[in-house]
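Worksheet for the structure shown next.
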Amino acid sequence: MGNSEMHLDGKSIQFPTITGSENKKAFDISKLRADTGYVTLDYGLKNTAVTKSSITFLNGEEGILRYRGYPIEQLAEKASFLEVAYLLIYGELPSQKELDTFTSGVTNHTLIHENMKKFFEGYPQHAHPMGVLASMTCALSSFYPESLNPNADEESIDQTILRLIAKTATIAAWSYKNSVGHPVMYPQNRLDYSSNLLYMMFAKPTEPYEINDKVVSALNKLLILHADHEQNCSTFTTRVVGSSQASLYASISAGIMALWGPLHGGANQAVVEMLQQIYDDGGASKANIDKWIARFKDKESGQRLMGFGHRVYKNFDPRATIIKKAADEVLDDLNIDDPLLDIAKELEYAALNDPYFIDKKLYPNVDYYSGLLYRAMGIPVDMFTVMFALGRLPGWIANWKEMMEDKQPITRPRQIYIGENKRDFIPITER
Ligand code: ACO
């Protein structure tokens with residue numbers, strides 16, 4: 001730790017400097033207000049580190065993403081989703097025995113309380129599954145009142161973690177079943193996490209369901225690629241809510257809600273809807289693509305090229321590279337000819353060669369191709385963000401756990417008040 005100096009109102013102030021892994025540097029300004037009366041203003045927290053963390057390393061300039069030090073490319077290629085979940089939550093890759101125990105812990109908690117099944121009857125059929133997932137995740141806490149204590153012993157916390165990973169998959173699948181008016185399918189504990197999720201979504205009691213290994217492998221990859229992304233909006237939300245000592249269920253439910261927005265996880269749905277709009281408007285012809293690119297550059301249009309741009313990645317999003325390749329492979333394997341994929345590629349090419357997108361360093365992000373991959377797997381559009389949430393769950397849990405173990409204080413930022421100075425109340429008859 002070093003020191004850096006700043007001159008303010010004729011005084012010299014020293015700040016401790018912090019150097020993280022990979023030589024990442026920061027000033028610690030936590031005493032600034034106490035020492036000088038000044039606070040810092042940083043809209044969108046674009047330049048503010050809100051915590052120290054040893055979970056995920058991200059270098060937006062070079063397009064690097066690592067979980068606990070392991071490159072995302074290696075994990076996506078070689079690991080299973082539950083293996084990565086264990087790595088994120090507990091810090092190390094599991095031994096075979098640890099993975100077996102963790103996996104059987106998850107599979108043994110896949111059922112949800114039968115009373116919760118009745119909750120689904122209360123939702124209208126067109127209810128967005130993200131709203132259902134967020135509220136049902138919070139509702140889980142009412143069945144496990146002991147989980148309300150976020151400072152419970154390690155064993156209880158581990159139990160809540162297993163329940164969350166297992167039961168959110170069942171809730172997600174059943175919310176889809178509810179939306180199409182089909183009977184729910186109970187989880188099959190003989191199946192791995194991804195196969196079971198597909199089974200609960202697509203099997204019917206009337207006929208046998210064949211699991212397609214290529215689809216399972218693509219889903220496993222997608223879940224891993226989404227599993228953590230350091231201090232993004234939903235992870236920070238999970239930390240903020242958890243910092244008030246609300247339960248883990250409440251904190252995760254808040255994270256799900258933050259993910260729902262189209263500027264965050266909701267972008268995968270928005271991308272496919274945008275591609276469909278372009279398709280309906282004339283398809284992948286050069287004239288049509290040029291027209292839409294011009295619309296995305298025009299701020300007055302209110303439309304952005306969804307799936308492009310990222311707060312942190314200013315070169316390329318390594319997840320997008322892996323997903324683009326997986327989308328090509330899966331569509332090929334399943335013999336699907338999706339005209340939206342052609343539009344996506346033409347649009348990407350046009351944007352990457354346009355000075356507007358080049359100058360602003362706007363590249364495809366994780367959501368640009370993930371929607372097309374979900375679509376090829378038969379997953380309906382409004383379930384895309386739910387799939388993202390299931391993938392991101394281990395990252396939310398890991399961040400919550402890290403924050404609790406670090407005993408971090410409640411998150412409570414400052415503001416700069418710009419409203420009226422003191423004035424006296426005027427009786428209504430005199431206004
Ligand atoms: N299309 C057109 N213009 C864009 C786009 C886009 N997709 N993204 C950013 N810009 C422009 C902005 O208009 C702005 O222009 P200006 O400087 O002339 O005002 C400039 O690029 C910077 O954009 P900001 O919104 O200030 O950048 P920020 O870092 O706040 O936002 C964000 C990042 C929200 C991802 C943005 O790029 C965006 O809206 N992208 C589309 C939505 C999307 O794909 N979201 C998913 C992100 S990945 C994830 O959350 C999992």
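Side notes on the structure shown:
- Some residue of the stretch 285-298 being small (Gly, Ala, Ser), more than 16 Å from the ligand (Cβ to nearest atom), modelled with pLDDT of 85 or more and assigned to a loop (DSSP other than H, G, I, E, B): yes
- Subset of the stretch 233-284 that is within 16 Å of the ligand (Cβ to nearest atom) and assigned to a loop (DSSP other than H, G, I, E, B) - its residue that is surrounded by the most Cβ atoms within 10 Å (Cβ to Cβ): Gly265
- Figure legend. Inter-residue proximity from the stretch 283-303: first residues farther than 15 Å from Phe357 by Cα, second residues among the charged types (D, E, K, R) and in a helix (DSSP H, G or I), beta-carbon distance below 6 Å, spacing 6+ or different chains. Indicated pairs: Ala284/Asp342; Ala284/Glu346; Ser301/Arg295.
- Which listed residue is within 16 Å of the ligand (Cβ to nearest atom) and touching a Lys or Arg at 6+ places or on another chain (Cβ under 9 Å), from Phe308, Phe357: Phe357
Residue by residue, here is whether (1) of a type outside the set (Lys, Arg); (2) farther than 23 Å from Val84 by Cα holds:
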| site | (1), (2) |
| --- | --- |
| Ala166 | yes, no |
| Ala173 | yes, no |
| Lys177 | no, yes |
| Val215 | yes, no |
| Thr237 | yes, no |
| Ser253 | yes, no |
| Gly261 | yes, yes |
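- Residues in the stretch 311-326 that are of a type outside the set (Lys, Arg) and more than 16 Å from the ligand (Cβ to nearest atom): Ala326 only.
- Selection of the stretch 363-394 for residues being within 10 Å of the ligand (Cβ to nearest atom) and either under 20 Å from Leu340 (Cβ atoms) or small (Gly, Ala, Ser) (or both) yields Tyr363, Pro364, Asn365, Val366, Asp367, Tyr368, Ser370, Thr385, Phe388.
- Elements of type strands (runs of 3 or more DSSP E) in the stretch 1-59, at least 1 residues being touching a Gly at 6+ places or on another chain (Cβ under 8 Å) and among the small types (Gly, Ala, Ser): 25-27
- Per-region count, the stretch 288-308, residues on the phi > 0 side of the Ramachandran plot and buried (at least 17 other Cβ atoms within 10 Å of the Cβ): 1
- Any hit, the stretch 111-129, residues being closer than 30 Å to Ile64 by Cα and either surrounded by 17 or more Cβ atoms within 10 Å (Cβ to Cβ) or free of Cβ contacts under 8 Å to residues at least 40 places away in the same chain (or both): no
The values are calculated or read from the model by the stated rules, or taken from the named source; none is laboratory data. Quantities reported herein were computed from a predicted structural model and do not represent experimental measurements. Here the Cβ is made from the backbone with ideal geometry for all residues, glycine too, and neighbour counts use every protein chain on show.
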